[in-house]
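Below is one structure, written out as structure tokens; the observations come after it.
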Amino acid sequence: MKPSSCPAASLDRSLCIPGQIGSPPTLKLPRISNSFSLIATETNPVRRNTLSIYSPSVCPGNGGSLGNTRVISEEYIKWLKGYCEAFFYGLTVKFLEPVSVSATRCAFRVNEHTQNLQIHAGHILAFLKKKKPQDAFCIVGITMIDLYPRDSWNFVFGQASLTDGVGIFSFARYGKDFYSTRYEGTVKHPRRTSSSDYSIFDNYYNPEITSILLWRSCKTLTHEIGHIFGLRHCQWLACLMQGSNHLEESDRRPLNLCPICLRKLQCAIGFSIVERYRALLRWIDDEPSHASRATPRNSSVHVNLPKPVEAFKDWREWVVKCIAVLEK
């Protein structure tokens, strides 16, 4: 598919996000070059048509709990799936069977500072690489368990291998009370266990799925998958692909891509800009679709929990304005 001839985003200065870095957008479209991206160009687009989201479980026995109940966790995964399908419009996002921590055989520890459980990100990546489907562009693990990349590090939000097309991301620290003394996920009575004893993860605490947690999760997931597509940290405008060093800085990033990064992603995937914005709007407005309402595999429960999209209100207004400009 060739990229649309539509502008990459609204070029009306009144629609620019305040506090942008660099010059305002102009009518001159950015060129795709190795000077600021390694992304596939129009002559070498993505050949595969599947983005696979893999959801490691936190409960060794039942193999599926990501939230306080299985129903909530399945809805949460479904919301993330729908968001990724809209954001990377034109690609398919597939569920893969959830796995237990014990199945990955990863190392784990209790963080000496926060006293919460953590799993080794590098070991999870190695596991995911072996599970990557042949038709997948990338496979991404998501978990509510905190991560660490090596013993000397305190924690990491996520880790990815761009060459292998695999990533693992934790949303544990996105809960509203993770950094408070009320956090219920601390290990109250640490006990010495062997490296093969994963019973410590039984009854693992997971935070409430709030609108802010979903907003942060969508932002992190699409930012990191953007890296797998070759998008580097953006230095041009207010953009999802800007780098961040802490949660507050991450929260200041918008959900949208700047015109430069949006054009790069479009060249890789070949979507229609306006149709992508419409898909994002449908996701926010929670309009039913076959893709977003499908019940996860191996589930006997058919539910339709309300999607907590309060945190997406301002961004919805931005998307509506962009659609209006593109439809002129």
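The values are calculated or read from the model by the stated rules, or taken from the named source; none is laboratory data. Because the structure is predicted, anything quoted here is derived from the model rather than measured. Note that each Cβ is placed from the backbone with ideal geometry, even for glycine, and that neighbours are counted across all protein chains shown. Heads up: the accessible areas ignore ligands, DNA and RNA and are worked out on the full protein's heavy atoms, side chains in. Shrake-Rupley method; radii C 1.70, N 1.55, O 1.52, S 1.80 Å.
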Subject >> Residue-span extension gain [ALA103 to SER199] - 0.36 nm each, minus C-alpha spacing >> reply: 33.3 nm
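Normalising by the residue count of region 149-248, find the relative contact order in percent from Cα pairs under 8 Å and 6+ residues apart.
27
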**OP:** Leaving ligands, DNA and RNA out of it, work out the accessible area of ASP251 with a 1.4 Å probe and give it in Å² to the nearest 10.
**Re:** 40
Subject >> Anchor LYS328: lysines whose Cα lies under 27 Å away (excluding residues fewer than 8 positions away in-chain) >> reply: LYS2, LYS28, LYS264, LYS313
Subject >> Inter-probe distance in nm under a simple model that places probes 7 Å from Cα toward Cβ, at ARG282 and LYS328 >> reply: 2.6
Subject >> At R0 = 22 Å, FRET efficiency that the Cβ-Cβ distance of ASN111 and SER152 yields, to 0.05 >> reply: 0.95
**OP:** Quick one: accessible surface of THR186, probe radius 1.4 Å, all protein chains present, in square angstrom to the nearest 10.
**Re:** 40
Original post:
Label LYS129 and GLU249 with points 7 Å out from Cα along Cα→Cβ: what is the distance between them in nm?
Top reply: 2.9
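Stretch ASP314-ASP177 to full length: gain in nm at 0.36 nm per residue minus the Cα-Cα span? Spell out each step's value before the answer.
On the way: separation 137, 0.36 × 137 = 49.32 nm, distance 2.39 nm.
Here the segment from ASP314 to ASP177 would lengthen by 46.9 nm.
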Subject >> Candidate aspartates and glutamates - alpha carbon under 14 Å from LYS131, same-chain residues fewer than 8 apart omitted >> reply: GLU97, ASP164
Original post:
Counting only the heavy atoms of the protein chains, how much of ILE225 is accessible to a 1.4 Å probe, in Å² to the nearest 10?
Top reply: 0
Original post:
Just for the Cα atoms in region 115-235, what are the lengths along the principal axes, largest first, rounded to whole Å?
Top reply: 43, 34, 27
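Write down the accessible area per residue of region 174-262 in Å², having rolled a 1.4 Å probe over the full set of protein chains. Walk me through the numbers on the way to the answer.
On the way: 4220 Å² over 89 residues.
Per residue, region 174-262 has 47 Å² of solvent-accessible surface.
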